[in-house]
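**Q** This is the structure I want to talk about, given as C-alpha cells.
What follows draws every value from the coordinates through simple rules; no lab data is involved. Bear in mind the structure is a predicted one, so any value in this text is a computation, not a measurement. So basically every Cβ, Gly included, is an ideal-geometry build from the backbone, and we count neighbours across all protein chains shown.
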Amino acid sequence: MSESNKAGILALIVSFVIPIAGVIIYFIQKDKVSNPTAYLKCALAGVIVGLIFGKIL
C-alpha cells in the first residue's frame with residue numbers, strides 16, 4: 001500500500017453528508033487506503049452536526 005493512496009475528498013464529503021454511506025465506504029476501502037478511519041470520523045462528525053441542527057431547529 002503506497003502513501004499516495006489516501007481517502008478521497010469526494011468520499012469524505014459523502015461520508016459527512018450521508019453517515020451510513022461513510023460506514024459502508026469504510027468497510028469497502030479499509031484494505032485499499034492508508035487512512036480508512038477518516039471515513040468513520042467524517043460519518044461521526046456528520047451525525048453530531050445533524051443532531052445539533054436537529055436540536056436547534
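**Q** Going highest first, how would you order 48-55, 28-35, 16-23 by mean Cβ packing within 10 Å?
**A** In descending order of packing, they fall as 16-23, 28-35, 48-55.
**Q** On to the next question. How many nm separate the modelled label positions at Val23 and Lys6, each set 7 Å beyond the Cα in the direction of the Cβ?
**A** Taking the simple label geometry, Val23 and Lys6 are separated by 2.7 nm.
**Q** With each run of n ≥ 4 DSSP H residues scored as -39500 (n - 2.57), what mean residue ellipticity at 222 nm is computed for the chain after dividing by its residue count and rounding to the nearest 500 deg cm²/dmol?
**A** Calculated at 222 nm, the ellipticity per residue is -22500 deg cm²/dmol.
**Q** For the pair Ile13 and Phe53, what calculated FRET efficiency results from E = 1/(1 + (r/R0)^6), where r is the Cβ-Cβ distance and R0 = 25 Å, to the nearest 0.05?
**A** 0.90
**Q** Of the labelled options [x] 11.1; [y] 11.4; [z] 12.3, which one gives Kirkwood radius over Cα pairs in Å as computed for this structure?
**A** [y]
**Q** Another question, if that's okay. For the chain, please report how many Lys pairs fall under 15 Å Cα to Cα, leaving out neighbours fewer than 8 apart on the same chain.
**A** Close lysine pairs under the 15 Å cut-off: 4.
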